[in-house]
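Here is the structure we will look at, set down as structure tokens.
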Amino acid sequence: MKLKPTSLFVLSTLLVGNAAMAQTQTAEPDYTLAYNVGVTSDYRFRGIAQSATDPALQAGVDFAHKSGFYLGAWGSNVSWIKDFGASDGSLEIDLYGGYKGEIVPGLGFDLGLITYQYPQNTLTTNANTTEVYGALSYGPATAKYSRSTGNFVGNANSSGSAYFEVAATFDLGNGFTLTPHVGRQSIPNVANDAGDYTDYALTLGKDFGNGLSATLAAVGSNADKAFYTDTNGQFLGNDTFVAGLKYSF
């Protein structure tokens, strides 16, 4: 069929307009900036209570570039530093950055560095800790290895402390997820390897939409009771349930 010049002009205009609209609708932003605030009934880090099994308020900010580079900051109140005899240290601030992408379609990687800062902490060995980490993910599963570049959370001569963890997140439908997790912490130069332990968790998550989500987790560990009991006589690696609520925007 031969089109008249007027018809050709109209058709070309529509095609160009539709193409421009499609590009506008599918254009990926160069970066994203996201914030989150939350509360948890018991702040646990690798199975160990950081807030003496009491509630904690938490907040964070994340910057991600479409190239794969990311930066972030996160904070929470803690009590474990004072509970182990220090006169000050009630805040944790985490700063992190890295690069993530795909090795092949479906196989992801994540390489980065994180520093855990405890302002004004007065432990004999400074609690501030820096780790490098690497992770691989495939489908719902992720395996991650973290290693400290210096002393680990107040333990003397503990450079090279390591944590290996495996987790998977399964979509149950209707906004529900189920995440089993197991990790192994090792801390060198601790008598009788008392700092080494395995932790485990099973977390049920619910996304309510509009940035609101909740979690309920069964957590625990086989941590050494003497080593992980604070000066108040409280064992920080016990089995328990932890509930959390978070708003992301």
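Would you mind checking the radius of gyration and Dmax of segment 106-249 based on alpha-carbon positions, in Å?
When restricted to Cα atoms, segment 106-249 yields Rg and Dmax of 17.1, 49 Å.
Can you tell which of Ala223, Pro180, Gly75 lies farthest toward the positive end of the dipole of segment 30-248, using +1 and -1 charges on the Cβ of basic and acidic side chains (Lys, Arg; Asp, Glu)?
The residue sitting farthest along the positive end of the dipole is Pro180.
Averaging over every viewing direction, what projected area does the convex hull of the Cα atoms of segment 105-167 cover, in nm²?
4.7
Over the alpha carbons of the chain, what is the largest minus smallest coordinate on each principal axis, giving the biggest first in Å?
Projected onto its principal axes, the Cα set of the chain covers 89, 35, 32 Å.
Helix-derived [θ] at 222 nm for the chain: sum -39500 (n - 2.57) over DSSP H runs of at least 4, divide by residue count, nearest 500? Could the numbers behind the result be given before it?
Numbers: 2 runs with 26 residues, N = 249.
About -3500 deg cm²/dmol.
Using +1 on the beta carbon of Lys and Arg, -1 on that of Asp and Glu, and nothing else charged, what's the dipole of the chain about the Cα centre, debye to 20?
Working: 13 positive and 21 negative charges, 191 e Å.
The calculation lands at about 920 debye.
In the chain, once you exclude exposed trypsin sites (Lys or Arg not before Pro) (DSSP loop, at most 14 other Cβ within 10 angstrom), what's the longest stretch remaining? Present the calculation step by step, with values, prior to reporting the outcome.
On the way: sites that count: Lys2, Lys66, Lys225.
No qualifying site falls inside 67-224, the longest such stretch.
How far is helix 5-26 tilted off the main Cα axis of the chain, in degrees rounded to 10, range 0 to 90?
It is inclined by approximately 0 degrees.
To the nearest 20 Debye, how big is the dipole of segment 172-249 about its Cα centre, given +1 on the beta carbon of each Lys and Arg and -1 on that of each Asp and Glu?
Details: 4 positive and 7 negative charges, 60 e Å.
It works out to roughly 300 debye.
If you take the beta carbon distance between Leu107 and Ala191 as r and set R0 to 30 Å, what does 1/(1 + (r/R0)^6) give as a FRET efficiency, to the nearest 0.05?
Numbers: r = 41 Å, r/R0 = 1.36.
The value I calculate is 0.15.
A short reminder: the numbers here are calculations on the coordinates, not readings from a lab. Given the structure is predicted, the values throughout are model-derived calculations rather than measurements. Glycine also receives a Cβ, built like all others from the backbone with ideal geometry; neighbour counts cover every protein chain displayed.
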